[in-house]
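We did not get these values from a lab; they are worked out from the coordinates using the rules stated. On a predicted model such as this, the values are computed, not experimentally measured, just so you know. So basically every Cβ, Gly included, is an ideal-geometry build from the backbone, and we count neighbours across all protein chains shown.
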Amino acid sequence: MKTKGTVYSIVGARPQFIKLAPLARVLSKKLRHVIVHTGQHYDHNMSGVFFRQLGIPKANVNLNIGGVTHGAMTGRMLEELEALFLQRRPDAVVVYGDTNSTLAGALAASKLSIPVAHVESGLRSFVPDMPEEINRRVTDQLAQLLFCPTETAIRNLRREGIKEGVVRSGDLMYELLHDSGNVIRGNTRFLKAQGLEQDQFGLLTFHRACNTDSRENLIRLCEILDDAKLPILFPLHPRTRKSLQKNRLLSRLKKNKQLMICDPLGYRDLLTAACFARFVMTDSGGLQKEALFLGTPVLTLRNETEWVELLKKGNRLVSLDKAKVLAAWKRPGKVSVIDHRIGRKRPSQIIASSLVTYLKGV
Ligand code: UD1
């Protein structure tokens with residue numbers, strides 16, 4: 001039976017659609033669930049393809065705010081979400097991860113005293129000026145329900161004095177990957193179409209602001225790739241494409257015979273590539289975990305990671321240090337994966353039940 005109450009999910013970027021997919025299925029059975037798409041990611045291959053492939057219901061509300069600077073984006077989202085919440089008065093608002101859409105959703109709701117639930121709460125990179133770190137810290141201060149994927153996340157919150165409303169939920173990204181395992185492994189058509197063979201290629205993704213907004217870091221990436229000894233599939237995020245173009249480096253990369261540059265891939269194709277690659281190189285938070293869940297070693301192109309449990313389990317922090325990357329290419333290492341599930345309950349069930357219980361109590 002459905003509980004009385006309306007919950008709004010605020011999403012706008014790729015990693016949020018992935019977390020929303022398993023949760024939306026459960027939430028819509030237990031409560032009235034409304035999906036708001038802020039429009040932060042708007043290209044079909046950054047947004048629509050995820051809704052279609054992952055069976056997410058069409059968003060009930062589309063704000064179409066994207067392609068502007070951080071401040072303008074967050075400000076416009078805040079204004080529009082406030083107007084929406086004033087008009088419709090949700091009983092709770094669920095925000096996901098660490099994007100500008102997360103921050104705007106949490107701020108708009110809490111200023112109207114609407115309870116906020118934060119999915120993937122408690123993660124920290126301890127880099128204070130990283131946009132995602134700012135978004136997560138503020139959101140965790142505002143949330144009444146804090147769904148943590150790991151024990152480390154709970155410890156991080158405790159250190160910041162946040163104890164109430166903290167729930168160890170497990171990892172929705174793990175849940176989706178677990179459910180999609182057969183589809184991902186069976187998607188060999190994709191490999192054939194790309195001319196790729198198992199273990200004979202690498203996968204690269206690169207989109208963090210600290211990397212793409214620095215000409216120096218873009219050049220470092222080009223120099224590393226100059227030494228690639230096997231084909232590397234590189235689905236290009238729009239931010240990265242723009243920065244490479246602006247810095248006149250895209251044509252240089254296109255001359256690299258080992259590099260296979262393509263548009264951003266949908267969930268299934270990206271994870272098939274991650275599954276069959278010899279290694280994954282990335283600065284993404286989500287793909288670091290997903291590759292390891294699939295048994296593929298990961299080279300993280302950052303100086304730090306929020307997922308510290310994955311270090312020494314097959315995830316190596318190599319930053320953009322060419323010597324480290326070349327050494328890791330030679331010996332990508334073995335993967336021994338930690339289990340992001342907890343007990344028998346699915347993360348989506350834990351989150352939905354906690355929301356129902358919370359709403360009964362308010
Ligand atoms: C955002 C998140 C990051 C997440 C990532 C996933 C923040 C601060 N960062 O970064 O945590 O890991 O999404 O991809 O919210 N663009 C397009 N088409 C699109 C989407 C974006 O052209 O469909 C362009 C935008 O106009 C912008 C650039 O790409 O110029 C970057 O997009 P933006 O939403 O600012 O941040 P992401 O780098 O995607």
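Observations on the model:
- Of the helices (runs of 4 or more DSSP H) lying entirely inside segment 1-92, the ones with 2 or more residues being within 15 Å of residue 114 (Cβ to Cβ) are found at 70-88.
- Subset of segment 20-45 that is closer than 18 Å to residue 349 by Cα and within 16 Å of the ligand (Cβ to nearest atom) - its residue that is surrounded by the most Cβ atoms within 10 Å (Cβ to Cβ): 20
- Only residues that are within 11 Å of the ligand (Cβ to nearest atom) and among the polar types (S, T, N, Q) were counted across segment 46-95, and they come to 3.
- Applying the criterion of being of a type in the set (D, E, K, R) and more than 16 Å from residue 88 (Cβ to Cβ) to the residues of segment 1-19, the residue that is farthest from the ligand (Cβ to nearest atom) is 2.
- Filter result for residue 102 (in a helix (DSSP H, G or I) and crowded, with 21+ Cβ neighbours inside 10 Å): yes
- Residues located in segment 166-187, provided they are more than 20 Å from residue 286 (Cβ to Cβ) and touching a residue at least 24 places away in the same chain (Cβ under 8 Å): 166, 167
- Contact map, segment 20-49: first residue farther than 17 Å from residue 77 by Cβ, second residue among the hydrophobic types (A, V, I, L, M, F, W, C) and not in a helix (DSSP H, G or I), Cβ cut-off under 6 Å, separation 6 or more or different chains; pairs are 21/56; 24/56; 31/7; 33/7.
- Selected residue (only one of 302, 346 is within 24 Å of residue 164 (Cα to Cα) and either surrounded by fewer than 20 Cβ atoms within 10 Å (Cβ to Cβ) or not aliphatic (A, V, I, L, M) (or both)): 346
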